[in-house]
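First the structure, then my questions, so here it is.
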Amino acid sequence: MFLKMLNSRPFRPLGVAAAVAAASISIQTATSQSYAEKAADSIRSLPGFEVELVYNVPQESQGSWVAMTLDDKGRFIVSDQYGKLYRAVVPAAGKSGDVAVEPIDLDIGGAQGLLYAFDSLYAVLNTGDHGGRGLYRIQDTDGDDTFDKVSLLKKFEEQGGEHGPHAVIPGPDGESLYIVVGNQTALPQYDHSFVPPVWGEDLILPRIYGRGFMRGVLAPRGWIAKTDPVGETWEIIATGFRNEYDAAFNRHGELFTYDADMEWDMNTPWYRPTRVNHVVRGAEFGWRNGSGKWPEYYADSLPATVNIGPGSPTGVAFGYGAKFPAKYQDAFYICDWSYGKLYAVHLDEDGSTYSGSFEEFVTGSPLPLTDIVVHPGDGALYFTVGGRRTQSALYRVVYTGDASTAPSAPADDPAAARARELRESLEFFQRPGAPDLGINFAWRHLNNPDRFIRSAARTVLEHQPISKWLDRLTNETSPARKLAAGLALARVGARDLKGRPESALKNLQNQILAAVDSVDFDELPLQLQLEALRVQSLAFIRLGEPSGEWKYRISGHIESLLPSEHREINSEGLQILVYLQSPKAAQIGVELLEAAPSQQEQIDYAKSLRLLRAGWNDDLRKRYFSWFPKAFGYRGGASFSKFVESIRNDAVEGLTPAQKASVQEILDRQPESKNPLQVMAESLVGRSFVKEWTLDELSAKAGTDLKNRDFDNGRKVFGSAGCFACHRFGQDGGALGPDLTGAGGRFSPHDLLESIIYPEKEVSDQYGQVVITLDDGSQVTGRIANLSGKNLMVNTDMLNPADMAGINRDKIKSIEPSNLSMMPPGLLNLLKENEIMDLVAYLLSGGNPRDPMFQQ
């Protein structure tokens, strides 16, 4: 089901003539000018905003720009990804004049991050040239307005590629720098880490790999660090990102970044879309290689603030200082390089953290955005395009509408300000040697309902020796405190007991498992139920296999829970049962596999069952292996088939010769190749026409009949109607259409139903296709997903994320958006009224049946 974004609006095209008139181009070739005009013609912006082509970068002499900053005179300093740094004087918006660009004549370049601060230019290099990867300080030592000195402040490891060192930004205290580094660069030597340095993969079952990108690279990776202007003292702020490229502080002094997805993982349960993260001190965001990425609900990590979707994150900035309406001054702007989107993310205070929504602010195809900055002189927002030797340009966005552009003065939420202050007070104690006052303070907040505060409190404990707080667990009565303390013990206990006898570790494990066992699981909210299972898993991972008594007790409890109405409980529970080699796990797991409505959920269960050696019989074994011919026909990212192959290979490896012979006929079957629309069609087989539902009647019904709905049935309807084939919901679903996990925050029941009944009324550009007409008159339809030099990579079959075609940009005549929705109309006409209401309630609640909005 293609659904419109809540705040989506029609876009205004940028006319070629206007763009060229606004441009001041000092050097250009006929080819680059022609391409720039074509690109400019494809750019669209929200009503009231105009996009101007300011400078078309001559590729032969100035390369492809990927980073920029403003110096103390308002001049632009930019970097070619593979070449020099340049300084540019750009006429202000509304002013005429030429753009003057000059190289910075020093042995420095290839920067992916630039910042002018403390009378210096800072550059983060992600290249083996010019001294190699690291943080550099560039100075004008004699005051002649010419940089003449380069100093290396911090060397980063030389291994790595594009996922290495990226950005440098100013700290909100006016005395520090923050460095943003992706997952191909290990942590540097540091003086302190707010993240407890007890690094581990923390996977209860071994992962599988796809095509092997970064195979064997272990956590901690993807990090943000803080240093001083001379690079002497280094603190690790947060870890667990994949490839966050840039970051920015909001007016509250809170840090945000935009992290990358792994597009090869698409349509697997461990795929994580690009996402905006609120980066707090001591945070772990759970990136692990292969299938090992932590789900957001793991209590030892923190969730995304806003999930965006497929893309390739680059520069980010808040809109402070822009001459825009207040809403857009306060927006967090994030650049997507691959799909050509500049998003405006609107953040709302939510306890000690934030929630939010987003909309497409500027979009083009292709429009490989690289960096973004607000110029305080003219109040315009400037962005660069380029990277990987693609044609580069500098654009600016100005507001020409009628709304006020007076400086915004948002009214802060006093309760949220107090919550942030509490969280920051806890973060102060996130270091070894905290006084008893700090430990008492942290313990008190282990049951805080705010997840970010609770995480900060647990992190305080993890920095202290367990001898200073272990005894508190014995007399604790709060279930939330017991679980948080148990989680901390499982994570750091082995550190403090290093060198002690094995019995000491077992005694500690027994204490942790007893603490979990003493909690009434059925009375816990879902998040704490998942935390209880996570604590048990970590107790096994970090402290070893439990005793036979604990195996029996824990297996019996989890067996009684499954199947659960919650997909997450089923996932975590089955993993533990397989780890413990429960004799009932095969029966439970195969039944879960057969009942799962999405390919992601099926893959999750199949991946766990591949390592089960106990409890199988011929019937269960044949039913399990019968899933693989179907699975090999599913579609996904570039690693998808390798993942499925790895699951099957591990499962086959566990068979005896006789067992393998019994399923050989199944193993020899050909894959059942089906695209998502075929899956959708097959899921509707057997359903007959019910009624041609109208929006008015369903909207009226939804207004009064969403209380006490059957959420489990709503999820089944979501699967049987084929919605999982295209839409992500929670951990499951495809990336062909919008992520519906947060639909309740974006849609009213009426809006949701309207988008289903009339799918072509408004198709979001984020998921739309383009029609590319070539010089020979032929056309290619799809979505531009990647660029390199003059080559555009187009996903020509959006039902198959791995299906790409290359097009030379010089052969392109025009690029036009396609307004067709791939979602077929009339799907609701095959559903009964109660099924539609269950579906709507399920989507609007985020799949949480305990949401009070849906209770009497």
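The values are calculated or read from the model by the stated rules, or taken from the named source; none is laboratory data. The model shown is predicted, which means the values in this text are computed figures rather than measured ones. All Cβ positions, even for glycine, are placed from backbone atoms using ideal geometry, and neighbour counts span all protein chains on display. Calculation scope for accessible area: heavy atoms of the full protein, side chains included, ligands and nucleic acids excluded. Shrake-Rupley method; radii C 1.70, N 1.55, O 1.52, S 1.80 Å.
Counting only residues that are open to solvent by 10 Å² or more (accessible area, probe 1.4 Å) and in a helix (DSSP H, G or I), which one in region 445-455 is farthest from V195 (Cα to Cα)? Can you show your working first?
At the first step, the residues of region 445-455 found to be open to solvent by 10 Å² or more (accessible area, probe 1.4 Å) are 445, 447-452, 454-455.
Filter again for in a helix (DSSP H, G or I), leaving 451-452, 454-455.
On the way: R451: 16, F452: 14, R454: 15, S455: 11 Å.
Per the criteria, the residue is R451.
List pairs: first in region 138-152 and over 18 Å from P103 (Cα atoms), second at pLDDT below 95 and open to solvent by less than 60 Å² (accessible area, probe 1.4 Å), Cβ under 7 Å, 6+ apart or cross-chain?
From region 138-152, the pairs are L152/G131.
For S151, only one of the following conditions fails: (1) of a type in the set (G, A, S); (2) surrounded by fewer than 19 Cβ atoms within 10 Å (Cβ to Cβ); (3) modelled with pLDDT under 95. What is its number?
Unmet for S151, out of (1) of a type in the set (G, A, S); (2) surrounded by fewer than 19 Cβ atoms within 10 Å (Cβ to Cβ); (3) modelled with pLDDT under 95: (3).
Residue by residue, here is whether (1) in contact with a His (Cβ under 8 Å, 6 or more places away or on another chain); (2) over 28 Å from L70 (Cα atoms); (3) open to solvent by less than 10 Å² (accessible area, probe 1.4 Å) holds:
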{"residue": "H278", "(1), (2), (3)": "no, no, yes"}
{"residue": "K293", "(1), (2), (3)": "no, yes, no"}
{"residue": "L302", "(1), (2), (3)": "yes, yes, yes"}
{"residue": "G340", "(1), (2), (3)": "no, no, yes"}
{"residue": "Y354", "(1), (2), (3)": "yes, yes, no"}
{"residue": "D378", "(1), (2), (3)": "no, no, no"}
{"residue": "Y382", "(1), (2), (3)": "yes, no, yes"}
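Just give me the residues in region 630-639 being more than 13 Å from A606 (Cβ to Cβ), open to solvent by 10 Å² or more (accessible area, probe 1.4 Å) and either touching a Ser or Thr at 6+ places or on another chain (Cβ under 8 Å) or aliphatic (A, V, I, L, M) (or both), in sequence order. Reasoning before the result, please.
To start, the set of residues in region 630-639 that are more than 13 Å from A606 (Cβ to Cβ) comprises 633, 635-639.
With the extra rule that they be open to solvent by 10 Å² or more (accessible area, probe 1.4 Å), the set shrinks to 635, 638.
Answer for region 630-639, where residues must be more than 13 Å from A606 (Cβ to Cβ), open to solvent by 10 Å² or more (accessible area, probe 1.4 Å) and either touching a Ser or Thr at 6+ places or on another chain (Cβ under 8 Å) or aliphatic (A, V, I, L, M) (or both): just A638.
Right, another one. Considering S455, S478, S467, which residue is among the hydroxyl-bearing types (S, T, Y) and either at pLDDT below 95 or more than 25 Å from G544 (Cα to Cα) (or both)?
On the way: S455 fails: either at pLDDT below 95 or more than 25 Å from G544 (Cα to Cα) (or both); S467 fails: either at pLDDT below 95 or more than 25 Å from G544 (Cα to Cα) (or both).
When all the criteria are applied, what remains is S478.
Something else now. Name every residue in region 753-793 that is crowded, with 21+ Cβ neighbours inside 10 Å, modelled with pLDDT of 80 or more and out of contact with any Ser or Thr (no Cβ under 8 Å at 6 or more places or on another chain), in order of residue number.
Selection gives I756 alone.
Listed here are the residues, each with its yes/no results for (1) closer than 19 Å to D259 by Cβ; (2) at pLDDT 95 or above.
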residue: G164; (1), (2): yes, no
residue: I169; (1), (2): yes, yes
residue: S176; (1), (2): no, yes
residue: V180; (1), (2): yes, yes
residue: L203; (1), (2): no, yes
residue: I224; (1), (2): yes, yes
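Still on this structure: Check I647, I588 and return the single one that is within 28 Å of D803 (Cα to Cα) and either at pLDDT 95 or above or of a type in the set (A, V, I, L, M) (or both).
Working: I588 fails: within 28 Å of D803 (Cα to Cα).
When all the criteria are applied, what remains is I647.
In region 48-81, which residues are farther than 20 Å from K323 by Cβ, touching a strand residue (DSSP E or B) at 6+ places or on another chain (Cβ under 8 Å) and not β-branched (V, I, T)?
Y55, N56, Q62, G63, S64, W65, A67, D71, D72, S79, D80, Q81
A442: open to solvent by 40 Å² or more (accessible area, probe 1.4 Å) and in a helix (DSSP H, G or I), yes or no? I'd like the intermediate steps shown before the answer.
On the way: open to solvent by 40 Å² or more (accessible area, probe 1.4 Å): no; in a helix (DSSP H, G or I): yes.
Against the criterion (open to solvent by 40 Å² or more (accessible area, probe 1.4 Å) and in a helix (DSSP H, G or I)), A442 does not qualify.
So that you can scan it fast, the table gives a plain yes or no per residue for (1) under 27 Å from the mean Cα position of the chain (by Cα); (2) buried (at least 18 other Cβ atoms within 10 Å of the Cβ); (3) touching a residue at least 40 places away in the same chain (Cβ under 8 Å):
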residue	(1), (2), (3)
R420	yes, yes, yes
R423	yes, yes, yes
Q430	yes, yes, yes
A457	yes, yes, no
L461	no, yes, no
L473	no, yes, yes
P479	no, yes, yes
L487	yes, yes, yes
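Is it the case that some residue within region 584-593 is assigned to a loop (DSSP other than H, G, I, E, B) and closer than 23 Å to D710 by Cβ? Give the steps one after another, and end with the answer.
Taking region 584-593 first, the residues assigned to a loop (DSSP other than H, G, I, E, B) are 584.
With closer than 23 Å to D710 by Cβ added as a condition, the list becomes none.
No, the conditions are met nowhere in region 584-593.
If we scan region 603-616, do we find a residue that is surrounded by fewer than 21 Cβ atoms within 10 Å (Cβ to Cβ), in contact (Cβ under 8 Å) with a residue 12 or more places away in the chain, on the phi < 0 side of the Ramachandran plot and not in a loop (DSSP other than H, G, I, E, B)?
no
Which of the residues spanning region 562-586 are of a type in the set (V, I, T) and surrounded by 21 or more Cβ atoms within 10 Å (Cβ to Cβ)? Show your work before the answer.
Applying the first criterion (of a type in the set (V, I, T)) to region 562-586 yields 569, 576, 578.
Passing the criteria: I576, V578.
Could you grab me the full set of residues in region 174-184 that are of a type outside the set (S, T, Y) and touching a residue at least 24 places away in the same chain (Cβ under 8 Å)?
Kept after step one, since they are of a type outside the set (S, T, Y), are these residues of region 174-184: 174-175, 177, 179-184.
Selection gives E175, L177, I179, V180, V181, G182, N183, Q184.
Any residue in region 249-266 that is within 19 Å of P170 (Cα to Cα), in contact with a strand residue (DSSP E or B) (Cβ under 8 Å, 6 or more places away or on another chain) and of a type in the set (S, T, Y)?
Yes, region 249-266 has at least one match.
Does region 392-402 contain at least one residue that is aliphatic (A, V, I, L, M), open to solvent by 10 Å² or more (accessible area, probe 1.4 Å) and either in contact with a Ser or Thr (Cβ under 9 Å, 6 or more places away or on another chain) or closer than 14 Å to V90 by Cβ (or both)? Before you say what the answer is, go through the steps one by one.
Initially, region 392-402 is screened for residues aliphatic (A, V, I, L, M), giving 393-394, 397-398.
Remaining after also requiring open to solvent by 10 Å² or more (accessible area, probe 1.4 Å): 398.
From what is left, the residues that are either in contact with a Ser or Thr (Cβ under 9 Å, 6 or more places away or on another chain) or closer than 14 Å to V90 by Cβ (or both) are 398.
Yes, that holds for at least one residue.
Got a number for residues in region 198-232 being touching a residue at least 24 places away in the same chain (Cβ under 8 Å) and under 23 Å from V280 (Cβ atoms)?
Residues that pass the stated criteria total 14.
May I pose another question? Out of I236, I208, I224, which single residue is more than 30 Å from S641 (Cβ to Cβ) and surrounded by fewer than 23 Cβ atoms within 10 Å (Cβ to Cβ)? First the steps, then the outcome.
On the way: I208 fails: more than 30 Å from S641 (Cβ to Cβ); I224 fails: surrounded by fewer than 23 Cβ atoms within 10 Å (Cβ to Cβ).
Of the residues listed, the single one that is more than 30 Å from S641 (Cβ to Cβ) and surrounded by fewer than 23 Cβ atoms within 10 Å (Cβ to Cβ) is I236.
For region 342-352, how many residues are within 14 Å of R420 (Cα to Cα) and surrounded by 23 or more Cβ atoms within 10 Å (Cβ to Cβ)? Walk me through how you get there before you give the answer.
Step one: filter region 342-352 for residues within 14 Å of R420 (Cα to Cα), giving 348-352.
Narrowing further to those that are surrounded by 23 or more Cβ atoms within 10 Å (Cβ to Cβ): 352.
Of the residues in region 342-352, 1 are within 14 Å of R420 (Cα to Cα) and surrounded by 23 or more Cβ atoms within 10 Å (Cβ to Cβ).
Let me ask another. Give me the pairs, please: first residue somewhere in region 699-715 and under 13 Å from L843 (Cβ atoms) and touching a residue at least 40 places away in the same chain (Cβ under 8 Å), second residue anywhere and open to solvent by 30 Å² or more (accessible area, probe 1.4 Å) and assigned to a loop (DSSP other than H, G, I, E, B), beta-carbon distance under 9 Å, and either six or more positions apart or on two chains.
Once the first residue is under 13 Å from L843 (Cβ atoms) and touching a residue at least 40 places away in the same chain (Cβ under 8 Å) and sits in region 699-715, its partners that are open to solvent by 30 Å² or more (accessible area, probe 1.4 Å) and assigned to a loop (DSSP other than H, G, I, E, B) give A702/S748; F711/E565; F711/N848; R715/E565; R715/P597.
Considering only residues that are among the aliphatic types (A, V, I, L, M) and not in a strand (DSSP E or B), which ones fall in region 225-250? Can you show your working first?
Let us first name the residues in region 225-250 that are among the aliphatic types (A, V, I, L, M), namely 225, 230, 236-238, 247-248.
Of everything in region 225-250, just one residue is among the aliphatic types (A, V, I, L, M) and not in a strand (DSSP E or B), namely V230.
On to the next question. Filtering region 108-131 down to residues that are over 29 Å from the mean Cα position of the chain (by Cα) and modelled with pLDDT under 95, which residue is nearest to K155 (Cα to Cα)?
Applying the filter and picking the extreme gives G131.
Go through region 537-552 and report how many residues are open to solvent by 20 Å² or more (accessible area, probe 1.4 Å) and in contact with a helix residue (DSSP H, G or I) (Cβ under 7 Å, 6 or more places away or on another chain).
Step one: of region 537-552, the residues open to solvent by 20 Å² or more (accessible area, probe 1.4 Å) are 541-542, 544-545, 547-552.
Now drop any that are not in contact with a helix residue (DSSP H, G or I) (Cβ under 7 Å, 6 or more places away or on another chain), which leaves 542, 544, 550.
Number of matching residues: 3.
Hey, another quick one. So which residues in region 509-534 are hydrophobic (A, V, I, L, M, F, W, C) and in contact (Cβ under 8 Å) with a residue 60 or more places away in the chain, if there are any at all?
Passing the criteria: L526, L530.
Can you report the number of residues in region 80-97 which are open to solvent by less than 80 Å² (accessible area, probe 1.4 Å), assigned to a loop (DSSP other than H, G, I, E, B) and under 23 Å from G789 (Cα atoms)?
2
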